[in-house]
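As structure tokens, the structure follows; a few thoughts come after it.
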Amino acid sequence: MEQQMFEGEQASAPDQPGQTSANKRLSPTPLAHTAGTASAEQIALLALNVQKLGRILRRFYQLAIAVVAALCVGLFIYAGGAVVMVVFAAALVAVVLHGAARLICRVLPIRQWVAVVLFLAALVGGVSFVVHVSGPELVTQLSHLYAALTHERDALHATLDENPVGHSVLNHIPRFLGGNQTSGPLGSEGTSGMDFAGSMTNVLTSTFGSAGTLVVIVIAGVYFALSPHLYANGLLRLVPTRYRGTARELIRTTAHVLSAWVAGQLLDMTVVGVLTWGGLSLLGMPLAFPLGLVAGTANFIPYLGTFIGAVPAVLIALSISPREALMVAGLYAFIQAFEGYVMSPFIQKRAVSMPPALTILSQTIFGAFLGMWGFAFASPITAVLLAVIDHLTAPLPEEDQV
């Protein structure tokens, strides 16, 4: 009996260590709560990964769309580059007329189209007066310049053609520049599949001719300048509604950049032409005025245009004496230094600033694809592209800059 009572007391003891441990092991634990938390974290992590994947796919889609659009634009320009360049040239003419009309409207309380008409009338009257006063002399000097350049080109061609190295060089220079090459990289051999390019180029060069193309550019530019809002609003109608605000800002940015570029180049061309005319006159060079006109006109193409304008003067000076050629080359070098270190910084403060290396590279690239048109209009096209990229992209943070 005592043993049974002892065993009963032992069984009813509440504070036994073994019983406490068993009770703790058998008591409910937060395992279910922990499992639920882990499952929620996994779901959140999975959702975050899905969002990241979605963003990556959207960026890839946008990049693919941009690449396809760039390829389509490049193919269109490659196929109908002459047409695109004519339209761009007409836009530049419209920018000049529109800028002049705005200046007139600041002085006279008249409408814009009336100001455009007044400016055209004044321009035609001024050109007619110059032609009437000094037209025969100017035509005579230009014909003498053409004859002298043709003679010097033929003499240089004959000298180089006698040398094997010179003959090899002439084979890689187009015929219109005095070389032996009959077709360029975009000539007849390389455009068998581009019938559109050939047909449109023939229309612009063969049917109308250079003079006809110039007339088309001027007439289209005049109509653009008379009612620029009509054509701008027509372009905006082609843009989806949610993107029209951005498109409107891009059109305004493009117009502002082209106006600034044209104003800067006109000032630069005028200064270079006057300095060249005066310098050649002081050196006693013949045909100083037409050579100055050529130098100023060639300066429409930044940097490389200066060298293009210097070639005729140096060739004519070589026919006189090597000393005269060195003096002319020194004059053009001085004008180039003045234009690069004095004029360009002054113009870029109020106009468009482009890195020189980018300007030259753009001239090379556009010239390779579009010929002389692309070479001539490479700088304004690049200025517009830079302005558009600057408008569409955010500034680079200082910590990310090189």
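The values are calculated or read from the model by the stated rules, or taken from the named source; none is laboratory data. Keep in mind the model is a prediction, meaning the values are calculated, not measured. Cβ coordinates were reconstructed from backbone atoms using ideal geometry, including for glycine residues, and neighbour counts include every protein chain displayed. These accessible areas exclude ligands, DNA and RNA; they are computed on the full protein's heavy atoms, side chains included. Shrake-Rupley method; radii C 1.70, N 1.55, O 1.52, S 1.80 Å.
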Inset, instruction - Within segment 279-302, track down each residue that is of a type outside the set (A, V, I, L, M, F, W, C), over 23 Å from P136 (Cβ atoms) and touching a Gly at 6+ places or on another chain (Cβ under 8 Å). - result: N299
Inset, instruction - Could you tell me whether I335 is in contact with a Ser or Thr (Cβ under 9 Å, 6 or more places away or on another chain) and either exposed (fewer than 14 other Cβ atoms within 10 Å of the Cβ) or in a helix (DSSP H, G or I) (or both)? - result: yes
Legend entry - Residue among L326, L293 that is surrounded by fewer than 18 Cβ atoms within 10 Å (Cβ to Cβ) and over 19 Å from V257 (Cα atoms): L326
Inset, instruction - List every residue pair whose Cβ atoms lie under 9 Å apart, where the two residues are 6 or more positions apart in sequence or sit on different chains, the first residue falls within segment 112-129 and is within 20 Å of Y223 (Cα to Cα), and the second residue, located anywhere, is open to solvent by less than 70 Å² (accessible area, probe 1.4 Å) and not in a helix (DSSP H, G or I). - result: Q112/S227; W113/S227; L118/I110
Legend entry - For T364: the one exception among (1) open to solvent by less than 20 Å² (accessible area, probe 1.4 Å); (2) within 21 Å of the chain's Cα centre (by Cα); (3) closer than 27 Å to L149 by Cα: (1)
Inset, instruction - Could you check how many residues of segment 298-312 are assigned to a loop (DSSP other than H, G, I, E, B) and either open to solvent by less than 40 Å² (accessible area, probe 1.4 Å) or modelled with pLDDT of 80 or more (or both)? - result: 4
Inset, instruction - Can you tell me which residue among L385, L358, L315 is assigned to a helix (DSSP H, G or I), in contact (Cβ under 8 Å) with a residue 24 or more places away in the chain and open to solvent by 60 Å² or more (accessible area, probe 1.4 Å)? - result: L358
Inset, instruction - Enumerate the pairs (first residue in segment 235-246 and of a type in the set (S, T, Y); second residue anywhere and part of a helix (DSSP H, G or I) and open to solvent by 100 Å² or more (accessible area, probe 1.4 Å)) with beta-carbon separation below 9 Å, excluding pairs fewer than 6 apart on the same chain, so at least 6 apart or on different chains. - result: T246/L392
Inset, instruction - Exactly one condition in (1) open to solvent by less than 50 Å² (accessible area, probe 1.4 Å); (2) at pLDDT below 80 is not met by V93; state its number. - result: (2)
Inset, instruction - Filter segment 240-261 for residues that are more than 22 Å from the chain's Cα centre (by Cα) and either under 20 Å from V384 (Cβ atoms) or hydrophobic (A, V, I, L, M, F, W, C) (or both) and give the result. - result: Y243, R244, G245
Inset, instruction - Name every residue in segment 247-290 that is surrounded by 15 or more Cβ atoms within 10 Å (Cβ to Cβ), without any contact (Cβ under 8 Å) to a residue 40 or more places away in the chain and farther than 30 Å from A333 by Cα, in order of residue number. - result: A247, R248, I251
Legend entry - Residue in segment 120-140 that is nearest to F224 (Cα to Cα), counting only those that are at pLDDT 85 or above and open to solvent by less than 60 Å² (accessible area, probe 1.4 Å): L120
Inset, instruction - Find all pairs meeting these conditions: Cβ atoms under 6 angstrom apart; at least six residues apart or on different chains; first residue within segment 49-66 and modelled with pLDDT of 80 or more and of a type in the set (D, E, K, R); second residue outside any helix (DSSP H, G or I) and open to solvent by 100 Å² or more (accessible area, probe 1.4 Å). - result: none
Legend entry - Condition broken by T201, with the remaining ones in (1) modelled with pLDDT of 50 or more; (2) farther than 16 Å from A255 by Cβ satisfied: (1)
Legend entry - Subset of segment 78-87 [surrounded by fewer than 19 Cβ atoms within 10 Å (Cβ to Cβ) and either under 15 Å from A376 (Cβ atoms) or at pLDDT 85 or above (or both)]: V87
